[in-house]
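The next block holds one structure in the form of C-alpha cells; read it before the comments.
The values are calculated or read from the model by the stated rules, or taken from the named source; none is laboratory data. The structure displayed is predicted, hence computed values, not measured ones. As a convention, Cβ positions derive from the backbone with ideal geometry for all residues, glycine included, and neighbour counts pool all protein chains shown.
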Amino acid sequence: MSEAAPWADVRPGESRALHITVSESYSGAEIRIPIVVHRAQQPGPTVAVTAAVHGDEINGVGAIRDLITNRPFQINKGALVLAPVVALPGFERHSRYLPDRRDLNRCFPGSSSGSLAGRLARAFFDQVIRHCDYCIDLHSAAVRRTNFPNVRADLSKAPTRRLAMAFGCELVLHGKGPQGSLRRTATEAGCPSIILEAGEVWKIEPAVVEIGLRGVRNVLIELDMVEGQPVRPPYQATVLRSTWVRAEQGGILQFHVAPGEPVSRRQALATVTDLLGRALHVLDAPRDGVVLGLSTMPAVKPGEPVCHLAHPQGGLKRIRAALAGADAHSLAERLRHDLATNVEVQAAGGG
Ligand SMILES: [Zn+2]
C-alpha cells in the first residue's frame, strides 16, 4: 500500500476534518465517514482512535466527540486520527450489524470485491489503519449487558502489552481478538491495537467517556506524544481467564454485586426469583474474581448469561487492599456506582 494517507497534506500544527468514502447508498450517494486529524509540530507516531466499529456502541463516539471539541490535551509529537463512527450504516440503524447483517468487526481487512461489509472494511483499513502506527478501538458491551471498563490486547506481544498497560484500566484481558476483528488484523498488519470494552450500547455514559479520555491521554503520554503524568487506576491486574455465570431457572434477577466488585468463591452474585418475588435459586461465584460484566436484562431463562467474572492474576488480596484505600469520589468509585444504577443491586438475603 504505497498510496499516501488522506491526511498527508495536513501541516504540522494543523487540525482538519476529512471524509473517507467507504460505500454508497441505494440512491448512489457516497457514504462517507468523518475523521479528524490533529498533527503536532514535531514528528512522531500516528495514533488512530476509532469508535462505533459496532454501530450501537456509542460510548466511544462520546469520548471522541470530547477529544475533538474540548481538546483536553495538547499533542506535541506525531498525529492523532479520530474516527468517531466507523460502521456508519450500522450506526444509522442503532445496530451492531451492517445492513447486510454482517459484523464489520469480523470482516477486516476486507476485500474490494467482497460483500458490503467486506468492502467497507477494506476502504477503512486501507485509507486509515494502514497509515497508522497504533490504534485504540473503543467498544461497549453487547446488547443487554454492561461492562466494567477493561482493556483487551495481545499481552504476549510487547507493543500491544505496552499500550494496554499504559491505558490504565484496572483489568487488562489477554487475547488476540476474534479473526477479522480490527484490533487483531491491524496488529498483524503492523499497527499494534488495543480495545476498550466499557459500559452499555446506546448510551454515552459520563464516567465511561472519562475513562476513555483518560486512557487515550495515558497512552499518548506513554508514546511521548503528550506531556504530563499518566493517571493510574487504584490497582492493575492482568486477566487470562474469565467465566460466564448463567441462569439455571427462568425468572427475575436481583443482583448482589456491582460491576468492578471483587467477589470470593461461593459468594452470592444474584438471586433469581419467580414473578411473585419468591427466591428460586442463588447464583454463586465459581471462584474468586472481579465482576467484569452483568446482564442489564433482569428477566432470564436457563442458560442465559448473568454475570461475567474476570479471574485476575495474583488473586484478590492486593485488589481488595487497593480498593479499601480508594477515594469515594474517584473515577474508579464513580464508575462502580454509575454502572450499578443500571441493575438492581441488593445485599444477599435482603428480600
Ligand atoms: Zn464491540
Please verify whether Leu292 is out of contact with any strand residue (DSSP E or B) (no Cβ under 9 Å at 6 or more places or on another chain), surrounded by 15 or more Cβ atoms within 10 Å (Cβ to Cβ) and either hydroxyl-bearing (Ser, Thr, Tyr) or at pLDDT 95 or above (or both), treating the condition exactly as stated. no
Number of the exception - Glu333 against (1) within 30 Å of Ile204 (Cβ to Cβ); (2) touching a residue at least 60 places away in the same chain (Cβ under 8 Å); (3) buried (at least 16 other Cβ atoms within 10 Å of the Cβ); (4) out of contact with any Pro (no Cβ under 6 Å at 6 or more places or on another chain): (2)
Applying the selection to the range 206-225, what residues are in a loop (DSSP other than H, G, I, E, B) and surrounded by 22 or more Cβ atoms within 10 Å (Cβ to Cβ)? Met225
Please determine whether any residue of the range 134-146 is farther than 23 Å from Gly62 by Cα, in contact with a helix residue (DSSP H, G or I) (Cβ under 6 Å, 6 or more places away or on another chain) and of a type outside the set (A, V, I, L, M). no
Answer from Thr21, Thr46, Thr69, Thr50 - the residue that is within 22 Å of Glu222 (Cβ to Cβ), of a type in the set (Ser, Thr, Tyr) and more than 16 Å from the ligand (Cβ to nearest atom): Thr46
Evaluate the following for Pro149: is it part of a strand (DSSP E or B) and within 14 Å of the ligand (Cβ to nearest atom)? yes
Between a first residue in the range 44-63 that is free of Cβ contacts under 8 Å to residues at least 12 places away in the same chain and a second residue that is more than 9 Å from the ligand (Cβ to nearest atom), which pairs have beta carbons less than 7 Å apart while being 6 or more apart in sequence or on different chains? none
Being among the aromatic types (Phe, Trp, Tyr), touching a residue at least 24 places away in the same chain (Cβ under 8 Å) and within 23 Å of Ala29 (Cβ to Cβ): is that true of Phe91 here? yes
